[in-house]
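S.K.: I'd like to ask some things about the structure below.
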Amino acid sequence: MEAENQPVYYSFPVFPDTSEALSEPPGLLASGGSVTPTWLQAAYSHGIFPWNDPDDTRLWWSPVPRAVITPATFHVPRSVAKECRRSSLRITTNMAFREVMLGCAGPRLHESGTWIDNDILQNYPRLAESGRALSVECWNTRGELAGGFYGLLIGHALFGESMFSRESGASKVAFATAAPVLFRLGVRMIDCQMKTGHLARFGVCELDRREFEALLRESVAQPPVPPLPGVLK
């Protein structure tokens, strides 16, 4: 369903000012357009991201408050740190980007459907190939993908997109292992979009639009962070 009174874009990445985002539904900014790398780079650089049912018109969002994790707020809960020490999961980066996306698109308990459509599955890996996206994978002792997460990397900002677990705790172990490495390499913010109980344990803080966009501008203006090691654990 197309958003009422929202402009429609098709061939070039021009968005309304984020201050025009609706209060209901919260954060809806625009409809139409595409998810090519050019569009995605333009959108995320301004704190805008796509989310809609696969059969609906493409929708773009910029909600407030915005949930982020920074080097100053990040911490690993004691229970998760203990789980990481005991876990036999092997943690890698950028070794199975599309497979992680497919895992995130798979069915989940208490949820139906997915927003990860074929266009997203086609275009986000293109960003990974050019170093503008990141996947973190968890592998069990049988060499099977047990969980992980993916997101976009622009400058010193990571825009977290989705995570999944096929084995208990896999996505938590992946995030707890990768986030400290990202912060050591210079990442200034991990954009979580909306606060969830799962990520709140890692030190999510909520910023108003002015605070978020100031941090965003500083972060995306930086040169790319160095590549992460292929094996983290």
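The values are calculated or read from the model by the stated rules, or taken from the named source; none is laboratory data. From a predicted model like this one, the values you see are computed outputs, not experimental measurements. Cβ: placed from backbone, ideal geometry, glycine included. Neighbour counts: every protein chain shown.
S.K.: Give the residue that is farthest from Val204 (Cα to Cα), with candidates limited to residues of the stretch 68-92 that are among the hydrophobic types (A, V, I, L, M, F, W, C) and surrounded by fewer than 21 Cβ atoms within 10 Å (Cβ to Cβ). Working first, answer last.
M.R.: Let us first name the residues in the stretch 68-92 that are among the hydrophobic types (A, V, I, L, M, F, W, C), namely 68-69, 72, 74, 76, 80-81, 84, 89, 91.
Next, from what is left, pick out any that are surrounded by fewer than 21 Cβ atoms within 10 Å (Cβ to Cβ): 72, 74, 76, 80-81, 84.
Numbers: Ala72: 10, Phe74: 7, Val76: 11, Val80: 15, Ala81: 17, Cys84: 20 Å.
Here the residue is Cys84.
S.K.: Applying the selection to the stretch 161-183, what residues are polar (S, T, N, Q), in contact (Cβ under 8 Å) with a residue 12 or more places away in the chain and farther than 22 Å from Gly47 by Cα?
M.R.: Within the stretch 161-183, the first condition is being polar (S, T, N, Q), and the residues that meet it are 162, 165, 168, 171, 177.
Restricting the remaining residues to those that are in contact (Cβ under 8 Å) with a residue 12 or more places away in the chain gives 162, 165, 171, 177.
Ser165, Ser171, Thr177 - these are the residues of the stretch 161-183 that are polar (S, T, N, Q), in contact (Cβ under 8 Å) with a residue 12 or more places away in the chain and farther than 22 Å from Gly47 by Cα.
S.K.: Among (1) more than 19 Å from Arg188 (Cβ to Cβ); (2) aliphatic (A, V, I, L, M); (3) at pLDDT 95 or above, where does Ala133 come up short?
M.R.: Status for Ala133: all satisfied but (1).
S.K.: Also: Return the pair list, or none, for Cβ contacts closer than 8 Å from residues in the stretch 1-24 that are modelled with pLDDT of 85 or more to residues that are surrounded by 15 or more Cβ atoms within 10 Å (Cβ to Cβ) and of a type in the set (Phe, Trp, Tyr), at least 6 apart or on different chains.
M.R.: Filtered contacts from the stretch 1-24: Phe15/Tyr9; Phe15/Trp60; Ala21/Trp61.
S.K.: Criterion first (in contact with an Asp or Glu (Cβ under 6 Å, 6 or more places away or on another chain) and among the hydroxyl-bearing types (Ser, Thr, Tyr)) does Thr57 satisfy it?
M.R.: Criteria met by Thr57.
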